[in-house]
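The values are calculated or read from the model by the stated rules, or taken from the named source; none is laboratory data. The model shown is predicted, which means the values in this text are computed figures rather than measured ones. For neighbour counting, all protein chains shown are included, and Cβ atoms are generated from backbone atoms with ideal geometry for every residue, glycine included. What goes into the accessible areas is simple: the full protein's heavy atoms, side chains included, and nothing from ligands, DNA or RNA. Shrake-Rupley method; radii C 1.70, N 1.55, O 1.52, S 1.80 Å.
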Amino acid sequence: RIKAIESPNKDDDTQWLTYWVVYGVFSIAEFFSDIFLSWFPFYYMLKCGFLLWCMAPSPSNGAEFLYHRIIRPFFLKHEAQLDSVVKDLKDKA
């Protein structure tokens with residue numbers, strides 16, 4: 001999905017691709033930390049608010065903000081390494 005967002009052809013639905021990339025990263029982080037976070041009061045309400053902020057069709061869209069500030073710089077820095085891992089996995093499959 002990140003490759004589709006970074007493609008020069010912007011005819012696709014970039015807002016929703018960005019949301020799903022942010023949601024995927026959030027889901028992976030939550031998988032490892034959910035046992036601790038679920039003990040915090042109002043965790044599920046805050047999680048719901050966070051996801052609504054990420055999908056809100058507004059100028060202060062959370063998914064766009066998080067993607068451009070955190071995910072995209074990390075991806076661009078490690079793009080070659082990620083591509084080689086994906087290629088190795090494809091070759092083994």
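Odds and ends about this structure:
- Positions within the range 26-57 being part of a helix (DSSP H, G or I) and polar (S, T, N, Q), in sequence order: S27, S33
- Flag if K47 is under 18 Å from V21 (Cβ atoms), at pLDDT 90 or above and open to solvent by less than 80 Å² (accessible area, probe 1.4 Å): yes
- Residue among E30, E6 that alone is modelled with pLDDT of 90 or more, acidic (D, E) and open to solvent by less than 100 Å² (accessible area, probe 1.4 Å): E30
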